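The values are calculated or read from the model by the stated rules, or taken from the named source; none is laboratory data. All values derive from a computational prediction rather than experimental measurement. Cβ placement follows ideal geometry from the backbone for every residue including glycine, while neighbour counts extend to all protein chains displayed. These area figures cover heavy atoms from the full protein model, side chains too; ligands, DNA and RNA do not enter into them. Shrake-Rupley method; radii C 1.70, N 1.55, O 1.52, S 1.80 Å.
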Amino acid sequence: MLLGAEATTGRLLASTDGGDTWQERSPIDLLTLAAHPEDTDLLIGTTGDGLVRSDDAGRTWTPTASMTGPVAANTDGSVAAGPDGEVATSLDGTDWGPAGQLPSTPQALLALDDRLYAWTAGDGLQHSGDAGQTWQPTSGTER
């Protein structure tokens, strides 16, 4: 199954045929979406009101925190960043705790294995190898 947030409305769409057709999964207004790599039912999203979590592949959502920035997920948990650069982590997508601080406003987050990447508005691409505790500029050679 493929899931995606429609760019114009934020509603969650699902495809069971490789993307040929799409059906609305829920009318939630998502700004960002992250799926757990091993638990396909666990989704974390951001709305204008904050972070939300779904345990049923996006059919229903529960508010979890007030952060409104991008989110990413890997096997170690989820990471979210607020507009002021604050970074929070969660093992289950429900309980969030402070992690670190990005140097400027995050525009996107990406989790690859044990490394996190953040594109920031004023400082470009940053990376973290310690679950978002510290961030360094990325020169292009980090993996």
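Placing one equal scatterer on every Cα of the range 1-127 and applying the Debye formula, the log10 ratio I(q)/I(0) at q = 0.09 Å⁻¹ is -0.23.
What you get for the range 1-78, charging only the Cβ of Lys and Arg (+1) and of Asp and Glu (-1), is a dipole of about 220 debye around the Cα centre.
Considering only protein heavy atoms and a 1.4 Å probe, what is the carbon-and-sulfur percentage of the accessible area of the range 1-54?
Details: 1370 of 2880 Å².
Whole-percent figure for carbon plus sulfur exposure: 48.
In the full protein context, the chain carries 52 Å² of accessible surface per residue, based on a 1.4 Å probe and ignoring ligands, DNA and RNA.
In this rough spin-label picture, where each label sits 7 Å from Cα along the Cβ direction, the Asp123-Asp95 distance is 2.9 nm.
Stokes-Einstein diffusion for the range 1-50, with the hydrodynamic radius set to the Kirkwood value over Cα pairs and evaluated at 4 °C in a medium of 1.567 mPa s, equals 115 µm²/s. Think of each Lys and Arg Cβ as +1 and each Asp and Glu Cβ as -1; about the Cα centre, that makes the dipole of the chain roughly 280 debye. Note on the range 82-143: dipole from Cβ charges, positive end direction compared against Gly122, Ser139, Pro103; the farthest Cα belongs to Ser139. The local environment of Leu2, defined by Cβ-Cβ distances under 14 Å, has a net charge of -3 under the rule Lys, Arg +1 and Asp, Glu -1. Net charge in the neighbourhood of Thr47 (other residues with Cβ under 14 Å of its Cβ; Lys, Arg +1, Asp, Glu -1) is -1. Fully extending the segment from Ser104 to Thr138 would add 10.8 nm, taking 0.36 nm per residue of separation and subtracting the current Cα-Cα distance. If a/c stays under 1.5 just call it rounded; otherwise compare a/b with b/c (prolate if a/b is bigger, oblate if not). Do that for the range 65-143, with a ≥ b ≥ c from the square roots of the Cα gyration tensor eigenvalues. Here the range 65-143 falls in the oblate category. The smallest convex shape that holds all Cα atoms of the range 19-80, its convex hull, gives 86 Å³ per residue.
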